[in-house]
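S.K.: This is the structure I have questions about; it appears just below.
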Amino acid sequence: MSYNMTITAVSGNTKTGPIPTISRGQETCPQTCPFLRNGCYGEGRIFGTTHKYQKGHDRASMVAILQGARKAARYLRDRVVGDLLDADGNIDYGYLRTVTEAAAEVGLRPFGYSHAWRQVDAEQVPDGYTLNASCETPQQVWDAVEAGLDAVIANDRIEDGTMINGRRVVTCPAQTREGVTCASCGLCAKKDRTAVVRFMIHGPQVRKARAAVDAVDLG
């Protein structure tokens with residue numbers, strides 16, 4: 001099976017650090033995502049052209065590119081842009097399995113986020129993949145944890161230490177500590193963790209993104 005994506009063996013993104021990344025087109029995103037056409041950084045200057053450079057990749061071609069990762073790389077950041085829906089609007093578990101198998105072959109731990117998490121059956125997520133439910137409210141985090149998923153929350157009003165369904169909120173270390181990146185942190189790649197990673201609203205359209213979160217959280 002071939003999947004449309006853009007694979008980068010060594011990312012130049014300052015937040016992720018020099019680890020491999022994958023991006024997909026927004027056709028894989030759920031229409032319910034509050035950021036879709038409303039502050040998504042996938043529509044910004046850098047990531048907005050992701051769809052133009054996608055190519056069809058199977059497991060073998062993914063492995064071939066990922067072998068170009070730095071020896072020190074431990075993680076694969078899946079879907080910097082894009083989500084998990086197939087052409088029929090269902091969760092593409094085949095995609096998750098392919099990414100997990102390709103990453104394992106080169107010694108990487110894949111992790112990603114999804115706004116389609118309400119459709120996800122946690123038992124069908126491969127053991128070697130950490131799928132984070134992308135949430136905007138504490139209630140969403142509660143629901144995601146109940147569904148057996150790890151959770152992150154984008155919200156500027158949630159404070160560190162807040163407890164939600166037995167999980168403690170921790171702000172993304174890459175946003176609070178100098179020199180920390182996904183490459184050096186790996187918190188979001190830890191499966192079944194006791195932390196909810198909180199992201200401060202960010203991106204090239206931060207005002208739109210903040211308004212989108214407010215519409216969900218305060219609406």
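Each value in this text was obtained by applying a stated rule to the coordinates, not by laboratory testing. Fair warning: this is a prediction, and the values are worked out from it, not measured in the lab. Note: ideal-geometry Cβ built from the backbone for every residue, glycine included; neighbour counts use all protein chains shown.
S.K.: Can you say what percent of the DSSP beta bridges in the chain, counting only those with both residues inside, are antiparallel? Round to 5. The partial results should precede the final answer.
M.R.: Working: 9 of 28 bridges.
Taking every DSSP beta bridge within the chain, about 30 percent pair in antiparallel fashion.
S.K.: Excluding P173 itself, what net charge comes from residues whose Cβ is under 12 Å from its Cβ, given Lys and Arg +1 and Asp and Glu -1? Could the numbers behind the result be given before it?
M.R.: Values: positive: K15, R177, R198; negative: D160, E178.
Residues near P173 contribute +1 overall.
S.K.: When the dipole is taken about the Cα centre of region 3-217, and only Lys, Arg (+1) and Asp, Glu (-1) are charged at their Cβ, what size is it in debye, to the nearest 20?
M.R.: Values: 26 positive and 24 negative charges, 187 e Å.
Charge dipole of region 3-217: 900 debye, to the nearest 20.
S.K.: Subtract the Cα-Cα distance of A215 and T171 from 0.36 nm times their separation in residues, and report this length gain in nm to one decimal. Write out the running numbers ahead of the final one.
M.R.: On the way: separation 44, 0.36 × 44 = 15.84 nm, distance 2.14 nm.
Length gained between A215 and T171: 13.7 nm.
S.K.: In addition: Cα to Cα, under 29 Å, and not fewer than 8 places away if on the same chain: which lysines meet these conditions relative to K208?
M.R.: K15, K52
S.K.: Shifting gears a bit: First check a/c for the chain, with a ≥ b ≥ c the square roots of the eigenvalues of its C-alpha gyration tensor; if it is under 1.5, answer rounded, and if not, answer prolate when a/b is larger than b/c or oblate otherwise.
M.R.: Working: a/c = 1.39, a/b = 1.33, b/c = 1.04.
Rounded.
S.K.: Once amide H atoms are built 1.01 Å from N in the peptide plane, which residues 5 or more positions from R79, or in another chain, come under 5 Å H to H?
M.R.: HN-HN under 5 Å from R79: I22, S23.
S.K.: Could you list which residues have their amide H under 5 Å from that of S11, counting only those 5 or more apart in sequence or on another chain, with H placed in the peptide plane?
M.R.: The list, which skips near neighbours in sequence, is I19, T21.
S.K.: Which of the aspartates and glutamates could a cross-linker span from K71 if the Cα-Cα distance has to be under 19 Å and same-chain partners fewer than 8 positions apart are dropped?
M.R.: E101, E105
S.K.: If I take every Cα pair under 8 Å that is 6 or more residues apart in region 62-193, average their sequence separation and divide by the length, what percent do I get for the relative contact order? Mind dumping the intermediate values first?
M.R.: Details: 181 pairs, mean separation 27.4, N = 132.
Across region 62-193, relative contact order equals 21 percent.
S.K.: Near I91, within a Cβ-to-Cβ distance under 11 Å, what is the net charge of the other residues, with Lys and Arg +1 and Asp and Glu -1?
M.R.: On the way: positive: R118; negative: D83, D86, D88, D92, D121.
Local charge sum for I91: -4.
S.K.: With labels modelled as points extended 7 Å from the Cα through the Cβ direction, what inter-label distance (nm, one decimal) is found for K190 paired with T32?
M.R.: Going from the K190 label point to the T32 one covers 2.9 nm.
S.K.: Rounded to the nearest 500, what is the 222 nm mean residue ellipticity of the chain from helices alone, with -39500 (n - 2.57) per DSSP H run of 4+ residues and division by all residues? Please report the intermediate quantities before stating the final value.
M.R.: Numbers: 6 runs with 50 residues, N = 219.
For the chain, the value works out to -6000 deg cm²/dmol.
S.K.: Want the number for A122 to S2: 0.36 nm per residue separation, take away the alpha-carbon distance, what's left?
M.R.: Numbers: separation 120, 0.36 × 120 = 43.20 nm, distance 2.34 nm.
Contour length minus the Cα-Cα distance gives 40.9 nm.
S.K.: Could you order the peptides 188-198, 132-142 from most to least packed, using the average number of other C-beta atoms within 10 Å per residue? Could you put the intermediate results ahead of the total?
M.R.: On the way: 188-198: 18.2, 132-142: 21.2.
Taking the mean over residues of other Cβ atoms within 10 Å, the ranking is 132-142, 188-198.
S.K.: Now, a different point. Using 0.36 nm times the number of residues separating Y93 and D156, minus their current alpha carbon distance, what extension gain do you get? Write out the running numbers ahead of the final one.
M.R.: Values: separation 63, 0.36 × 63 = 22.68 nm, distance 3.18 nm.
Stretched fully, the Y93-D156 segment lengthens by 19.5 nm.
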